[in-house]
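Written out below as structure tokens is the structure these notes cover.
The values are calculated or read from the model by the stated rules, or taken from the named source; none is laboratory data. As the structure is a computational prediction, the values presented were derived from the model and not from experiment. Cβ placement follows ideal geometry from the backbone for every residue including glycine, while neighbour counts extend to all protein chains displayed. SASA here: full protein model, heavy atoms, side chains in, ligands and nucleic acids out. Shrake-Rupley method; radii C 1.70, N 1.55, O 1.52, S 1.80 Å.
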Amino acid sequence: MNVSALTSSELKRRLKKTGILLQTGSFITHLKTSISSVAEGIGLLYADYPLVEQDGFADFHISLVRPRNLRRWFKPQALFVFDGNTIFKPLPLDQAFPMLEWGLNWCVSNHVNHCLIIHAAVVEKDGYAVIMPAPPGSGKSTLCAALINRGWRLLSDELALVRVSDGKLIPLPRPVSLKNESIEIIRRYEPNAIFSRKVADTIKGTVAHMKAPASSLARATEVVQVAWIIFPKYQAGAKACLEALPQSRAFMRVADNSFNYSLLGFNGFKTMSSLIDASLCYDFTYSKLDDAIGVFGALKPKI
């Protein structure tokens, strides 16, 4: 059964009383909350995600709650609770759904150590994946959102999960996080895309989340081989341009974007080395999304 099988009132009731077991890729999250904006976000953006039977196993146990103090009425706040412990500082109540998304990323990046985890968007087409590591403001998420609305499969907007055992990429398709000008850019680029409401004044500015394509969710258990590592950078007025990157430099830059490379020790080094060896590595500058889509469509895997 998917989330969409529940009415809005039933979803809110379950979230408040027993919580739901939500499956995202290979992970199951037990989520409990009485915050209405979180329930609305789940109903809108997670409608196509499977619900697991109650009393089953969950990888992560999460609650979003309101503090039991004067903050319940005066400038109300939300808390992210993991395994009974408050993980982050409270945020304004209006930011509860973005907080859930950021918290889910934290759960994976801090606890999934059978994978090398890289802060990157990942998309796939014709059996080959592109990993796009990049710092905030690079246009990574904007490019990712455009690609998945033009035939590419979403594996993740935020986390590349490289399986240590064989170097394959594990999908984790969840809503795509966009901020500031990128929100309206993608709204214009794909008018049929579904967005959460915009939330202003977060640590990242104004944010909104775009629903992942149902076609990507249907293939959420299909691992894939990496073929390219591309470091994107939006630059106003620039032509779409790929520039080959030496593997040694790519290795260091990907390692800098990894959450657990050092923690994995030799396994981290071995997995990273295999990943770089299997990939063609590039810097990529762009300004127009259609031009970027054309460049990505012409990519050829390493022979």
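Values computed for the structure shown
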read-out: Matching residues, the range 90-133, being closer than 25 Å to A78 by Cβ and of a type in the set (A, V, I, L, M, F, W, C); value: L91, L93, A96, F97, M99, L100, W102, L104, W106, C107, V108, V112
read-out: Selected residue (criterion: surrounded by the most Cβ atoms within 10 Å (Cβ to Cβ)) from residues of the range 168-186 that are over 13 Å from the mean Cα position of the chain (by Cα) and closer than 25 Å to G205 by Cβ; value: S182
read-out: Tally, over the range 108-123, of residues that are open to solvent by less than 10 Å² (accessible area, probe 1.4 Å) and in contact with a helix residue (DSSP H, G or I) (Cβ under 9 Å, 6 or more places away or on another chain); value: 8
read-out: Residue ranges of strands (runs of 3 or more DSSP E) in the range 95-171 with at least 3 members touching a residue at least 12 places away in the same chain (Cβ under 8 Å), of a type in the set (V, I, T) and more than 18 Å from A193 (Cβ to Cβ); value: 115-125
read-out: The range 129-167, subset hydroxyl-bearing (S, T, Y) and within 11 Å of the chain's Cα centre (by Cα), residue surrounded by the most Cβ atoms within 10 Å (Cβ to Cβ); value: S156
read-out: Residues (of a type in the set (V, I, T) and touching a Ser or Thr at 6+ places or on another chain (Cβ under 9 Å)) located in the range 53-100; value: I62, V65, V81
read-out: Candidate set from the range 246-269 (those that are polar (S, T, N, Q) and without any contact (Cβ under 8 Å) to a residue 40 or more places away in the chain); member that is farthest from Y282 (Cα to Cα); value: S262
read-out: Test result for Y189, in contact with a Gly (Cβ under 7 Å, 6 or more places away or on another chain), surrounded by 16 or more Cβ atoms within 10 Å (Cβ to Cβ) and of a type in the set (F, W, Y); value: no
